[in-house]
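The values are calculated or read from the model by the stated rules, or taken from the named source; none is laboratory data. For clarity, every value in this text was computed on a predicted model and none was experimentally measured. No Cβ is skipped: glycine too gets one built from the backbone with ideal geometry, and neighbour counts run over all protein chains shown.
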Amino acid sequence: MDFSNSDPIPISIPIPIPIDLFVSKKHDKTHKDGDSYFLDSDGKIIYKVNRRSSNDSSSSTKRVLRDAEGTPLISIHNDHKGCWQCYKGDGESKDFLFRVLRTKNTLTRTELEVFLVAENLPDSSPDLKVKGFPFQRACTIYKDNDIVAQTSLMYKLDQIFVKRGKFRLTIYPGSVDHAFVVALIVIFLHG
């Protein structure tokens, strides 16, 4: 049998595809603080974020990122001075994961630098950067020169005013944990 003139055999190689999550905020009597929800394309809750005021006398606030079952994944502590400390779980165990510093905060632009726990030295460079426009719900997360994730408002052709309560988060394939990306989006939007 002569294979020299035959067509090539197609080889199936799995191509990683981006994942879209849809972000929605609830404002009603049961969700007084405006809980945020991250939904998949079928409308199922993947992550939810609850806001709580801190018990201590400082002016910090705490948000807890939970999975669909309500298990705490990451607690985000904000000191209102442009710095966030993030811990594993509900934050009671104080298992430090990462910190975020705001480097630019103007009316139209916000930039954040993310330092992972292993790189928590004073002279270390950031592991990730977040840049964008909070009012437009648009930001991009970078790891070096690679884009990790992006957010954008969802436009409709017949819509005159774009609603800012619902928008899309696209997470690109790579080695970054989705809950980590969601925590960065929460910090960006509520910072």
The stretch 82-94: number of residues that are outside any strand (DSSP E or B) and within 13 Å of residue 187 (Cα to Cα): 1
If I ask for residues that are surrounded by fewer than 11 Cβ atoms within 10 Å (Cβ to Cβ) and either touching a Pro at 6+ places or on another chain (Cβ under 8 Å) or at pLDDT 55 or above (or both), which ones from the stretch 25-59 would you list? 41, 42, 43, 44, 53, 55
Residue pairs within 7 Å by beta carbon, gap of at least six or interchain, first lying in the stretch 124-148 and farther than 19 Å from residue 178 by Cβ, second among the polar types (S, T, N, Q), listed first then second, are 131/140; 133/108; 134/110; 138/151; 138/152
All conditions in (1) small (Gly, Ala, Ser); (2) on the phi > 0 side of the Ramachandran plot; (3) modelled with pLDDT under 90; (4) surrounded by fewer than 13 Cβ atoms within 10 Å (Cβ to Cβ) are true of residue 82 except (4)
